[in-house]
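Take a look at the structure set out below.
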Amino acid sequence: MKGAIITGGARGIGLATAKLLTADGWKVALVDRDDAALQQALPDVPGSIAISADVSQPEDVTRMVAEAKAALGRIDGLVNNAGVALFGPEAETGFAMWREVMATNLDGVFLCSQAARKALFESKGAVVNIASISGHRASTLRVAYGTSKAGVIHLTKQFAAEWGEAGVRVNCVAPGPVDTKLALAVHTPDIRAAYHDAIPLNRYGKEEEIAQGIVFLLSEKASYITGQLLSVDGGFESTGIGLPSLRG
Ligand code: NAD
């Protein structure tokens with residue numbers, strides 16, 4: 001049975017991915033720093049295990065990967081999904097806020113990938129990193145968040161370049177807006193309206209729709225795909241001005 005680690009797996013996109021992978025016959029380690037949410041999520045993902053860890057802390061990450069390997073037997077997939085969204089104007093983004101965003105969104109991806117290297121090389125597994133449309137295109141309020149996600153996109157290519165030789169694929173999914181707890185906290189009515197204007201499909205995505213992209217990239221169906229960025233965003237990245245006037 002294939003094993004996967006999903007960081008930020010206690011809710012939102014991570015939990016939706018865990019459910020789909022489990023339905024496909026994988027065994028999943030849900031990793032999160034929110035222990036209460038983890039315990040609540042566990043019954044929704046039959047056969048899964050929960051590991052409490054903060055992906056920004058190197059010691060936590062080393063322990064987490066060791067626990068996952070011991071419980072799952074093998075690690076064929078790593079989904080670096082844990083993320084925080086702190087939005088604010090550049091002038092109000094202090095160093096502490098900048099570091100908080102980078103620590104989880106970028107350091108976390110680096111640390112978890114490195115810690116899982118040995119197990120992934122053994123299984124010739126695959127990694128999917130979760131970036132964002134905010135990593136593609138700059139926008140207001142996202143000096144830290146957007147930059148962290150642009151870093152994730154490039155980090156994906158760096159790891160793909162070095163790990164291809166070992167048969168390990170590393171790809172990235174850039175979700176558009178999804179109504180998870182993360183988005184509900186930072187998407188004001190203005191932001192919501194702007195997204196609708198800028199998305200050809202004219203709606204937010206669903207957690208499961210993002211998860212389908214992640215599961216595809218982890219699967220054998222994507223066996224010759226590495227170093228790539230898959231936007232699951234209703235068309236946001238592909239378009240420029242004009243949609244609202246067309247709709248009007
Ligand atoms: P969410 O807030 O619902 O879930 C994120 C989970 O990550 C939470 O359970 C949280 O406790 C956990 N987490 C945060 N920091 C952690 C840390 N340091 N260590 C361990 N766990 C940690 O968020 P979501 O919307 O499901 O987002 C998942 C990913 O998708 C994030 O990387 C986010 O940036 C990205 N994303 C989300 C959207 C969206 O609109 N929801 C859009 C683009 C990208």
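The values are calculated or read from the model by the stated rules, or taken from the named source; none is laboratory data. What you see is a predicted model, and the numbers here were worked out from it, not measured in a lab. Cβ: placed from backbone, ideal geometry, glycine included. Neighbour counts: every protein chain shown.
Does VAL152 fit the bill of being within 9 Å of the ligand (Cβ to nearest atom), closer than 26 Å to VAL65 by Cα, modelled with pLDDT of 95 or more and assigned to a helix (DSSP H, G or I)?
Judged against the criteria, VAL152 is a match.
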Within region 176-226, the residues that are more than 12 Å from the ligand (Cβ to nearest atom), surrounded by fewer than 20 Cβ atoms within 10 Å (Cβ to Cβ), assigned to a helix (DSSP H, G or I) and touching a residue at least 24 places away in the same chain (Cβ under 8 Å) are ASP197, GLN212, ALA222
Across region 227-245, what is the number of residues that are modelled with pLDDT under 95 and in a loop (DSSP other than H, G, I, E, B)?
4
Quick one: ALA161 ticks every box in (1) within 29 Å of LEU246 (Cβ to Cβ); (2) modelled with pLDDT of 95 or more; (3) part of a helix (DSSP H, G or I); (4) not β-branched (Val, Ile, Thr) bar one, so which box is it?
(1)
For region 88-96, indicate whether the set of residues that are within 30 Å of LEU141 (Cβ to Cβ), under 16 Å from the mean Cα position of the chain (by Cα) and modelled with pLDDT of 95 or more is non-empty.
no
Residues satisfying the stated conditions in region 119-162, i.e. in contact with a strand residue (DSSP E or B) (Cβ under 6 Å, 6 or more places away or on another chain) and aromatic (Phe, Trp, Tyr):
PHE159
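What number of residues within region 164-175 satisfy the criterion of being in contact with a helix residue (DSSP H, G or I) (Cβ under 6 Å, 6 or more places away or on another chain) and assigned to a helix (DSSP H, G or I)?
As a first pass, look at region 164-175 and keep what is in contact with a helix residue (DSSP H, G or I) (Cβ under 6 Å, 6 or more places away or on another chain): 166, 168, 170-175.
Right, trim to assigned to a helix (DSSP H, G or I) and you get 166.
Going through region 164-175 one residue at a time, the tally reaches 1.
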Wholly within region 1-109, strands (runs of 3 or more DSSP E) carrying at least 3 residues that are buried (at least 20 other Cβ atoms within 10 Å of the Cβ) and within 11 Å of the ligand (Cβ to nearest atom)
27-32
Quick check on ALA150: is it of a type outside the set (Phe, Trp, Tyr), within 21 Å of SER113 (Cβ to Cβ), in contact (Cβ under 8 Å) with a residue 60 or more places away in the chain and buried (at least 18 other Cβ atoms within 10 Å of the Cβ)?
no
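Can you tell me which residue among ARG63, ARG74, ARG33 is within 10 Å of ALA4 (Cα to Cα) and among the basic types (Lys, Arg)?
Going through ARG63, ARG74, ARG33 in turn, the sole match is ARG74.
Considering each residue of region 110-142, count those that are basic (Lys, Arg), within 13 Å of the ligand (Cβ to nearest atom) and surrounded by fewer than 22 Cβ atoms within 10 Å (Cβ to Cβ), and give that number.
Selection size over region 110-142: 1.
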